[in-house]
Amino acid sequence: MATTHTMRTVGRLPAKFVPRKKLRTKPANINYHRVALIHGEPEHKIDEFMLYSDEDEEEEEQECEEEENARDGGGYIALGGIPHHPSHTHHVPRRKQSFAQKYLPLSRNFADYVLTRSRGCGRLEHQQINEEFGTRHMLATGMFKERPIPLNRINKVFCSQWLSDHQIAMGTKCNKLMVYDVNTRQMDIIPSLLSSDLHRPPEQQCGIHSIEVNPSRTLLATGAFCSNDIAVYRLPTLDPVCVGEKAHSDWIFDMCWLDDQFLVSGSRDTRLALWRVDEEMEERRENTTLPNYGHIKAVRVKKCNGAEKVRAVIFNPNYVEIVALSLNAYLHVWDANRFVQKMSRKLPHAMENVCLTRKEDSSLYAVGSKSHTTLLDPRTLHYVRKVNARITGCGIRSVSFHGDILTIGTGVGAIMFYDMRAGKYMESTMNSGRAVVLKSTKGWVSADDQYHDVFHNVEYTPAIYTHCYDWSGMRLFTAGGPLPASLKGNYAALWC
């Protein structure tokens, strides 16, 4: 669960275990010395400094040899040098551990992790905690319980992000940016940012599809009032910074930060746009008393060749690449430094490729389609494994990695968990052989004529369009709404 590695400041071994060294200034019959600082051994009372001769060491070696001979059957040696005795079975001596292996300053005790963190010795000790340990335990033992979040008549939650340990930001199809406080259970609506008068809006609005926070967690990028523009807010106050416009002619489906200033957006018009949020612009906003914002244009806009409606965009910092997913089942790789398209590759499953994510260490991509989750190698884009959905044709709408746990949100209200290390879906320890599945409640849906036509004699379940873990992995936020585009409804819940 936790690892604490103490860095030695002097030497390579602990101070109380100093190896013997030859003394050149001492007589020939006394060649070794050892500093004895071992406490808690009353049978070996020694001073702070002791000298040992070769005779003492030879006596210790003879005693060890006698003990080994006694264990090996009295020292009988057969052919090949193997100890043999009528009542003796073959004994393979254990390999002696090296001094560094035996006294490695590494602790896996969680109490040591908490104690070291409270002392503030980060410079001398490296600490690491397994973030998925608590998640695995809660999933396997069935400790995750659903706590529904009422959203009144909000229409479909498309995206979400944890802003802090008690705030969750979410964007909806009705073009509302909301922040939910987990502690007070209050919902705040953040005003949408308007574009300039010369801007041309899309023919039809489609809401907010993406919320992204920059690496330093100082800026939040999402959709503006017009679905083909981006809006940037300052964290944690959510003051407006700027609106990016005149780059896309259709809805923006996704965006990703390259660093703290540069942002890439992908649109339904098959274009990628590169934006820059300048520090000088932030300073100008800070100098004003009233919240105001400016308007910026994209640094570069390029068409994604071979794409049909760019659906998802991610950034791989290891290879400095931008990866875009299009609805015609292609992955497109761009060079982030030059903003040039490098390659495109066809995906093995052609239906409903709508979600894309990467592992935390950028060693794996995951693409969700109608009935499969495809895992791909980022170096070649060849698929490594195809994870079949436990429910055929469920329509995978959201995927994410949390350590070695792949979380899959489906279009039928079920959340599944795939264990990357075991190569199978996680199983419950309470019910042997049963996979761990979280089933959502119905939420709210407008029961109009279209609803009765679609769900006639069929039980309604919402689609999980978005899900995200908090920093501890002990709380999971899930949200969505009806899968058919013509229906209105919402669903949101906190699993903890």
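FYI, it's all coordinate maths here, none of it is from the lab. Here the structure is a predicted model, which is why all the values come from computation and not from measurement. Backbone-built Cβ (ideal geometry, glycine too); neighbour counts: all protein chains shown.
For the reader, a short list of remarks on this structure follows.
- Derived scalar couplings ³J(HN,Hα) [segment 341-346; Karplus, 6.51 cos²θ - 1.76 cosθ + 1.60; whole Hz; x for Gly, Pro]: 6, 9, 7, 9, 9, 6
- Simple spin-label estimate for ARG147 and HIS5 in nanometres, 7 Å along Cα-Cβ: 3.7 nm
- In sequence order, calculated HN-Hα J values of segment 404-416 (Karplus, 6.51, -1.76, 1.60; Hz; x Gly/Pro): 9, 9, 9, 9, 10, x, 10, x, 10, x, 10, 10, 10
- By definition, a body whose alpha carbon gyration tensor gives a ≥ b ≥ c is oblate when a/c is 1.5 or more and a/b is not larger than b/c, and segment 359-449 fits this oblate description.
- Distant-in-sequence amide contacts of SER267, defined by a placed amide H-H separation under 5 Å and a gap of 5 or more residues or a different chain, comprise PHE253, VAL310.
- Pairwise centroid distance, computed over Cα atoms, of segment 141-200 with segment 217-245, Å: 14 Å
- Amide H to amide H, with H built 1.01 Å from N, ALA336 comes under 5 Å of GLU321, ILE322, counting only residues 5 or more places away or on other chains.
- Taking the empirical scaling 2.2 N^0.38 Å for compact globular proteins as reference, segment 359-407 has a Cα radius of gyration ratio of 1.12.
- Sorted by Cβ neighbour density within 10 Å, fewest at the top, the residues ARG397, ARG234, ARG300: ARG300, ARG234, ARG397
- Restraint check, LYS386/LYS488; LYS370/LYS442; LYS359/LYS386; LYS359/LYS424; LYS156/LYS439; LYS309/LYS359, Cα-Cα greater than 26 Å: LYS386/LYS488
- Of TRP444, TRP471, the sequence from fewest to most neighbouring Cβ atoms within 10 angstrom is TRP471, TRP444.
- Phi-derived couplings, Karplus 6.51 cos²θ - 1.76 cosθ + 1.60 at θ = phi - 60°, listed residue by residue for segment 469-479: 8, 7, 5, 8, x, 8, 10, 10, 9, 10, 7 Hz, with x used for Gly and Pro.
- Protection-proxy order for peptides 126-135, 358-367, 484-493, 262-271, each taking the mean of Cβ atoms within 10 Å per residue, highest first: 262-271, 484-493, 358-367, 126-135
- A straight line joining the Cα centroids of segment 347-382 and segment 293-329 runs 16 Å.
- Mean projection of the Cα convex hull over all viewing directions, computed for segment 133-495: 18.3 nm².
- Ordering HIS209, THR392, ALA224 by Cα displacement along the dipole of segment 133-495 toward the positive end leaves THR392 in first place; charges were set at the Cβ atoms of Lys, Arg (+1) and Asp, Glu (-1).
- Pairs of alpha carbons in segment 457-496 whose separation is greater than 15 Å (percent): 46 percent
- Amide H within-cut-off set for TYR425, under 5 Å, with H built and near neighbours excluded: ASP419
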